[in-house]
Every structure is written in C-alpha cells, then in structure tokens.
Amino acid sequence: MAKIRFSKKEFEKYHKIDSKLLERISMFGTPVDEFEDELEIEIFPNRPDLISLNGFMRGFNAFLEKEKGMRKYKLNSPEKNFKVQIDKSVEKVRPFTACAIVKGLKFDDSKIKELMDLQEKLHVTLGRNRKKVAIGVYPLEKMALPIKYEARSPDKIRFVPLESETEMDGMQIIQQHPKGKEYAHLLKGKSVFPIFVDGNKKILSMPPIINSNETGKVDEKTKEVFVECSGNDFETLKKALNIVVTTLSDLGGKIFQMELDYSGKEEITPNFEPEKIKISLENVNKLLGLELKEKDLEKLLPKMGYDYAKGIVSIPPWRTDILHEVDITEDIAIAYGYDDLIPEIPSVSTIGEESKESVVKSKISEILSGLGLIEISSLHLIKHEELRNMKQKESEAVQLMDSKTDYKVLRNSLMIPALRTLFENKNNEYPQKIFEIGNIFVPGRSIMEESRLLIACIPSNFTELKQMLDYLMKMLDIEYEIKDSPVISMIDGRTAQVIVNKKEIGFIGEVNPEILDNWNLKQPLAVIEISLDEIFEKFK
C-alpha cells in the first residue's frame, strides 16, 4: 500500500476539507489521516492512477458526481520526427518501450515535486521497483529528435549520470553511482545495457538505472517533455505511460503521440482507446446481495469514472486494475456505499466442521514446521517462460484464454512457484527449507485438480530429503516405498518414485543442474513432490 501525502493548501484548491469530506475520501476506498498541514491518503497498489494529486482528483470528483463518467483527453497526432526506433539489440535485456511528448507545460516547484513523486511511486507499485516498468522524463528543449532505443556493451556507454559531475561508463555507473548500486541487480548477468539516444547521438539515459545529467533533468524552465517507459511487458508500459501523460495534461500540457518502430512493426503511443467489458446485472446482484436495476448501473458506474451503456463498461485507459467483471463489481459496491449495505443472517442454520482434508493438511504443516521448514503459499498462475525453464511444453499445462498479465498458465506442479521463491530469495542466508500444500491443474478432456505437497531444500541432497520423508510418513502412520525411476528436470540415478498402496504418488530427488541454471540458482537443490489424495484416503 502506498501512503501519499497531499498538501492541504493544494488539496483545498479543489475541495474544502471538513469532517464530511474526510469521510467521503475514506468511503472512496482510500483511508485518510489528517495532519496539521497535510492529508495522508492510503492508495492500494492496484490503483496507481490515484497516486498524484491530479490523478486522485480525477477519480474522487467522479465519485462525488462532480465530473461523472470517463474523463476525455485530447491526443495530438505525431509531428515531424516524433519517432522512436527500437533496435533488436534490446530484445534480450529490456525489449519494450512506450513513449509520448507533452508540450505547453508551466512547471513550478510543486508541479515538479508532484511529477517526481508520481514517477517514484509508480516505480515502486506498478513498476515493481523498476523491474517491470522504469519511467524517464526529459526536457525536450535539450534533445534532438528522432530517438533511438538500443543496447550496447557497458564499455561503449559513456555519459554524466544525473546528480553527478563525472562521466562514467555503464559498468562504473552500476558500481559507483548511488542509483546504479541500488538497481544494479536489474542488469546483473546482462552483456549489454539498454540506452536511449537522441538525434544528435547523445545518450539520454540508461534505463532502468539513471538519466543523463545533461538531458534528463526537468526544471522550471522546461516547457516540453519527452516521456518514456521501458520494461518487459508492452501492455503494462502503455498503462504506465497513460498515467504519466494524463497527469501532465491535468497540469496544463498537450499530449502528442509518437511513432514506435519495432524493426518494421509500427506502434503508436499513447493510445486512449478504452477497453470494453460486458457486465451481467445478475452477477452483480448475486455478488453484492442487492437488487439493482439497469438504471442503477447507469448511475453508479459513472461515479467510478466509467462510461456505461447497454451492459458494456468502458474502462479508462489509465486503470491497471480491471482484469475481470468482478473488479468492476467491487467499484459498483464502492459507488453504492459500503455503509448502505445491510448485513443479513442466513436463513439456513448449519453446523460447521473442519473437513478431513483440512485436518490432514494442518497436521502435515505442523510436522514440517517442527522440522524447521517455512511454509509458503503461491498463486495458481505461472508464466510461459517458467514452463520453458522446466523444459516443459505449453501443451503440458492449462492455458488461460484472456489473461491480462504475464501469468497466463495454470500451474501443473508446485515446483515452479517453489523455484521462483528460491530465486527471489537467492541473496538471503542459506540453507533455505520451504514447503507448500496446494492444488495443481492437469489438462485433459476436463481440467483435473489435485492437492499436492512440495518440499524443497537448498543446499541439500537426496539423503536429507529421504530422512524428512521417512519422518513425515512415520508421523502420519503411512507405509511407503520408493523405486528408482527417471523424472524430467531431475538428475538420473538421484531420483525415485514415491509409492503408497502400490500407487505412484510423486517423486523425490535432486534437481538437474541445467534447470538450476535456468533459474539462476547456484546451490544443489533437492525436492519432494507428492499427491495427497492417497494420504487423505487413510484418514476418511
């Protein structure tokens, strides 16, 4: 959650602050605390469009029904040389960018601070600390068009980074500059680093690290800016760009599109064409326990900044959080007012009892926690590239039809989220011992769902994991045996099938070093992954 502080003086240019207004801010889904000269408002990470004062007012004014519906912004077509050439050299390091130009700005200290705060908050939230999105804003007056986005070896990158007086090459920047050292991990292992270069061959920046001191600093004299967002997911970059340029438009600027040339494939950004989602009144009422009519949706949805007509909701192009009909339903609830929802006691009297499966899972968690393992809980979705890291084909997993994130596959094993967790914690202290109890999904005529247990220890070996399995089965009073058998992604001769009631329920073994390299793990890893169905049967 991002905590944003707005000056009361700036806030009261839009609304007089009193107890009633503070209550309305909280009912908008943004808890607020009042201080002497500031308001501190909590913005959930899924609403980065509310981070700036102008962005917050855009949403809040609609909620107050002062500016209902989706705000419209004018997009000006690209002018001469409003182009960015994306070189193929960036494909393996940071392959995408979305760009725009904004003219007619009149900056002062407060507006520059708002822009910088927005940039940094977007880096932390939507940008995942610049890993997913890095944003650069440059004074257009100090650069020449068109722009080129390319990658070079670190020794061929030389410029004076922001807030520095000394020219450095790419490697010196990530080793010596404060921002370089902070974000060096984002370029670790890369043979080339991405850069933006202007029409005069001057380096503008080295994303996601730092801008050039000559061309990357906005001040009160700046009237026109070039804005770029770089990263690995083009759709996310377009949303981030939309948030930045609409904020600049609210500050008085005029937005101009740019032509992006991806080696012959052209894109135009920004694009404010709204996404449209069909919504079911029946589903809304079922989820909220209400009896809303069509005319109610026509009133409530514009309060949350949407356009709505005949069952179709138009999503503002700066909203990054709308993935499904249920997300819109949540906004309908906010517009309706949580304080107006009347709780009801169910008319059916029931007696609850913990299922046998839950009892077994709790017992397993208790046993493994007693052995010093840490329990993890991961999402059901994984990425295509994570399947490839395991040398699995896409046909071996269930694909989603219309995922709006990088996670487009239902996990078919608990190993992938475990390896992701170990990769994300590779700089923490070893040994690391984790386990997860969760469901996996197997494709077929119909999707099969199965409960599994995964134990992963690093550094570790077959013998240590076999001892853990012995103890776990003994505590559960279950007889089992193992049988040598190859398993994909595991080391032959150091892997075995686990058998209960003459049925193979999973495997135990050491992970193939090639797989470990794919996940950038340097220590030997041993895992157990077994189905829990046969174990549940014993306790029924």
(message) Please give me, ordered by residue number, the GluC sites (Glu not before Pro) of segment 464-502 that lie in loop per DSSP and have at most 15 other Cβ atoms within 10 Å.
(response) GLU479
(message) Can you compute the radius of gyration and Dmax for the chain, using only the Cα atoms, both in Å?
(response) 27.0, 78
(request) Beta carbons within 10 angstrom, averaged per residue: use that to sort the peptides 207-219, 83-95, highest first. (result) 207-219, 83-95
(request) Could you give the spread of the C-alpha atoms of segment 199-355 along their three principal axes, from largest to smallest, in whole angstroms? (result) 75, 42, 37
(request) Calculate I(q)/I(0) for segment 356-538 by the Debye formula, one identical point scatterer on each C-alpha and no solvent, and give its log10 at q = 0.09, 0.13, 0.16 Å⁻¹ to two decimals. (result) -0.30, -0.65, -1.02
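Could you sort out which of LYS239/LYS383; LYS16/LYS278; LYS148/LYS239; LYS72/LYS188 sit more than 31 Å apart by Cα distance in this structure? Don't skip to the end; give the middle numbers.
Numbers: LYS239/LYS383 20 Å; LYS16/LYS278 37 Å; LYS148/LYS239 21 Å; LYS72/LYS188 41 Å.
Beyond 31 Å: LYS16/LYS278; LYS72/LYS188.
On a 28 Å Cα-Cα criterion, which of the cross-link pairs LYS156/LYS179; LYS88/LYS179; LYS20/LYS223; LYS92/LYS265; LYS111/LYS156 come out too long?
On the way: LYS156/LYS179 20 Å; LYS88/LYS179 26 Å; LYS20/LYS223 38 Å; LYS92/LYS265 18 Å; LYS111/LYS156 36 Å.
Beyond 28 Å between Cα atoms: LYS20/LYS223; LYS111/LYS156.
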(message) Tell me which of LEU115, LEU50, THR97 sits at the most positive position along the dipole axis of segment 1-139, charges placed on C-beta atoms (Lys, Arg +1; Asp, Glu -1).
(response) THR97
(request) Have a look at segment 62-119 and give its Rg and Dmax from the Cα atoms, expressed in angstrom. (result) 17.2, 49
(request) At a Cα cut-off below 21 Å, give the lysines reachable from LYS540, other chains included and same-chain residues fewer than 8 away excluded. (result) LYS356, LYS361, LYS363, LYS474, LYS502, LYS503
(message) Treating only the Cβ of Lys, Arg, Asp and Glu as charged (+1, +1, -1, -1), what charge dipole size does segment 75-269 show about its Cα centre? Round to the nearest 20 debye.
(response) 440 debye
(request) Per residue of segment 439-448, in order, report the coupling 6.51 cos²θ - 1.76 cosθ + 1.60 (Karplus, θ = phi - 60°) as ³J(HN,Hα) in whole Hz, putting x for Gly and Pro. (result) 9, 10, 10, 10, x, x, 4, 10, 6, 9
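Summing Lys, Arg as +1 and Asp, Glu as -1, what charge do residues with Cβ under 15 Å from the Cβ of GLU34 carry, GLU34 excluded?
Numbers: positive: LYS3, ARG5, LYS8, LYS9, LYS16, LYS20, ARG24; negative: GLU10, GLU12, ASP18, GLU23, ASP33, GLU36, ASP37, GLU38, GLU40, GLU42.
Net charge in that neighbourhood comes out at -3.
Order these by the 10 Å Cβ neighbour count, fewest first: SER249, SER153.
Numbers: SER249 19, SER153 14.
Ranked by crowding around the Cβ, least crowded first: SER153, SER249.
Mind giving me the FRET efficiency for TYR338 and ASP477? R0 is 45 Å, r the Cβ-Cβ distance, nearest 0.05 is fine.
Working: r = 49 Å, r/R0 = 1.08.
FRET efficiency, TYR338 to ASP477: 0.40.
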(request) For the chain, return all DSSP H helices satisfying: extent of Cα atoms along own axis at least 18 Å; mean Kyte-Doolittle hydropathy at least 0.0. (result) 234-250, 462-476
(message) Based on C-alpha coordinates, I'd like the Rg and Dmax of segment 139-193, in Å.
(response) 12.3, 35
(request) Between beta-carbons, use under 10 Å as the cut-off and find the net charge around GLU386, counting Lys and Arg +1, Asp and Glu -1. (result) +2
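Just to confirm a number: summing +1 for Lys and Arg and -1 for Asp and Glu over residues other than PHE196 whose beta-carbon lies under 10 angstrom from that of PHE196, what do you get?
Details: positive: LYS148, LYS202; negative: GLU150, ASP198, GLU228.
Net local charge, PHE196 excluded: -1.
I need the peptides 140-150, 221-231 ranked by packing, meaning the mean over residues of other C-beta atoms within 10 angstrom, with the highest value on top. Mind showing how you got there, number by number?
Working: 140-150: 18.1, 221-231: 21.7.
Ranking the peptides 140-150, 221-231 by packing returns 221-231, 140-150.
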(message) Along the charge dipole of the chain, pointing to its positive end and built from +1/-1 on Cβ of Lys, Arg, Asp and Glu, which listed residue (ASN271, MET415, LEU368) has its Cα farthest out?
(response) ASN271
(request) Distance from a point 7 Å along Cα→Cβ of LYS276 to each backbone N in segment 324-348: keep the residues under 12 Å and list them by number. (result) none
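Could you give the dipole magnitude of the chain about its Cα centre, charging the beta-carbon of Lys and Arg +1 and that of Asp and Glu -1, in debye to the nearest 20?
Details: 80 positive and 90 negative charges, 324 e Å.
Roughly 1560 debye for the chain.
Rounded to two decimals, what is the ratio between the C-alpha radius of gyration of segment 220-274 and 2.2 N^0.38 Å? Walk me through the intermediate numbers first.
Values: Rg = 12.2 Å, N = 55, 2.2 N^0.38 = 10.1 Å.
Ratio of Rg to 2.2 N^0.38 Å for segment 220-274: 1.21.
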(message) Please compute the modelled spin-label separation between SER378 and GLU450, points set 7 Å along Cα→Cβ, answer in nm with one decimal.
(response) 1.7 nm
(request) Please list the non-local residues whose amide H lies under 5 Å from the amide H of ARG152, H modeled 1.01 Å from N, same-chain partners needing a gap of 5 or more. (result) PHE193, ILE195
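Using the Cα atoms as the points, what is the convex hull volume per residue of segment 363-467 in Å³? Before the final figure, lay out each step's value.
On the way: hull volume 12.8 nm³, N = 105.
Convex hull volume per residue, Cα atoms: 122 Å³.
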(request) Counting helices only, and only those DSSP H runs with n ≥ 4, report the 222 nm mean residue ellipticity of the chain as the sum of -39,500 (n - 2.57) divided by its residues, in deg cm²/dmol to the nearest 500. (result) -8500 deg cm²/dmol
(message) Run the simple label-point estimate for ASN200 and LEU371 please: 7 Å along Cα→C-beta, distance reported in nm.
(response) 6.6 nm
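Of all beta bridges DSSP finds with both residues in the chain, what is the antiparallel percent, to the nearest 5?
Details: 88 of 99 bridges.
Restricted to the chain, the bridges split so that about 90 percent are antiparallel.
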(message) 7 Å from Cα along Cα→Cβ at both ASN428 and LYS217: what's the point-to-point distance in nm?
(response) 3.9 nm
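Given the alpha-carbon gyration tensor of segment 275-338, what are the semi-axes of its equivalent ellipsoid in whole angstrom, ordered largest first, with each equal to the square root of 5 times an eigenvalue? Before the final figure, lay out each step's value.
Working: eigenvalues 57, 29, 25 Å².
Semi-axis lengths for segment 275-338 are 17, 12, 11 Å.
Read-outs throughout are calculated quantities, based only on the coordinates presented, and are distinct from any laboratory measurement. Keep in mind that this is a model prediction, so the values were computed, not measured. Glycine also receives a Cβ, built like all others from the backbone with ideal geometry; neighbour counts cover every protein chain displayed.
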